[in-house]
Ligand SMILES: Cc1cc2nc3c(=O)[nH]c(=O)nc-3n(C[C@H](O)[C@H](O)[C@H](O)COP(=O)(O)O)c2cc1C
């Protein structure tokens, strides 16, 4: 089976990807957090740095684009191709209010005529430029039954991979994924499928429609891999690969890398605390130290708490 690391804005940047890839590995593809092209420029200097091949050595990386304008998508794709990328991913899932209000992300799913015109444009370009375009989508904007029409639309284009997060926009990331709709995709989608959402254990994997009978062999995980970085090796059946020293190394690699590029202390600590919000469940017996860590304002306070925990 193949495992993809889900894009997570503010978290799975190149610093994180390099640390994870070096220490835990077993990821078949990483995706960048979304790049949001504008009329002025296909990407910001910060997005350009994050996606630059020299900052992602040894990593299979797919840049993700968030827009509802085909001209902006194509300009960003051209720049990414010039960097050496032969696949880009279209974000049709972001549930954020500001994104959806502009008709992007999950907000694009509610205007299927516009989405079809957009796809006509970008897949014509992809054909002429020998580019693969994969899609990461939700089931719909306000009703999961929107998915039936969306699958018909996607089937009209050479989608290189369809990553389905089986929730609608108003679900955000909560509640149970709507597995029956993923089962529908397995029956009706013509392109290769990837499942995404709430994979936290090996049992979650075995319960997925299509997994047991081999119709599904690729999953994408975000919060699962983040909250338990050794999950990837376990999902792949490599149970011996659970060295606890790896977590300390992972933590230190991230902490030192952020200290090199960010200042003052508090900004680095915000970044680390965002990660600890996912990691804390690994250390349920260290509640007091976690609380102290979350309150730390200086490196010394942070380190005192962190190194009592790990
Ligand atoms: C903090 C955060 C940031 C995210 N950023 C992105 C993003 O940039 N692009 C995207 O397609 N999905 C983004 N997602 C959604 C994840 O990629 C993924 O679809 C979602 O977390 C469900 O998968 P999981 O249950 O394995 O985490 C984000 C999710 C979270 C929680």
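What follows draws every value from the coordinates through simple rules; no lab data is involved. Everything numeric in this text was worked out from a predicted model, so none of it was measured. Using ideal geometry, Cβ is built from the backbone for each residue, glycine included, and neighbour counts are taken over all protein chains shown.
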FRET efficiency for residue 188 and residue 223, using Cβ-Cβ distance with R0 set to 25 Å, rounded to 0.05: 0.35
Any chance you could check the Cα centroid distance between region 111-140 and region 9-73 for me, in angstrom? 19
If the chain between residue 179 and residue 52 were fully stretched, how many nm would it gain, using 0.36 nm times the residue separation less the Cα-Cα distance? 42.1 nm
FRET efficiency for residue 281 and residue 22 from the Cβ-Cβ distance with R0 = 25 Å, rounded to 0.05, comes out at 0.55
When all alpha-carbon pairs of region 99-246 are counted, what percent fall beyond 28 Å? 25
Rough spin-label spacing in nm, given labels placed 7 Å along Cα→Cβ, for residue 110 and residue 40: 2.8
With each pseudo-label sitting 7 Å past Cα toward Cβ, what's the residue 83-residue 265 distance in nm, one decimal? 3.4
Once both axes come from the Cα atoms, what is the angle between helix 265-279 and the longest principal axis of the chain, in degrees from 0 to 90, rounded to 10? 70
With each run of n ≥ 4 DSSP H residues scored as -39500 (n - 2.57), what mean residue ellipticity at 222 nm is computed for the chain after dividing by its residue count and rounding to the nearest 500 deg cm²/dmol? -13500 deg cm²/dmol
In degrees rounded to 10, the 0-90 angle between helix 14-23 Cα long axis and the longest Cα principal axis of the chain is 70
Given Cα positions, please report Rg to Rh for region 184-291, the hydrodynamic radius being the Kirkwood one. 1.08
Taking only the alpha-carbon atoms of the chain, the convex hull volume per residue, in cubic angstrom, is 137
Between the helical axis of 112-129 and the dominant principal axis of the chain, each derived from Cα atoms, what acute angle in degrees is found, rounded to the nearest 10? 80
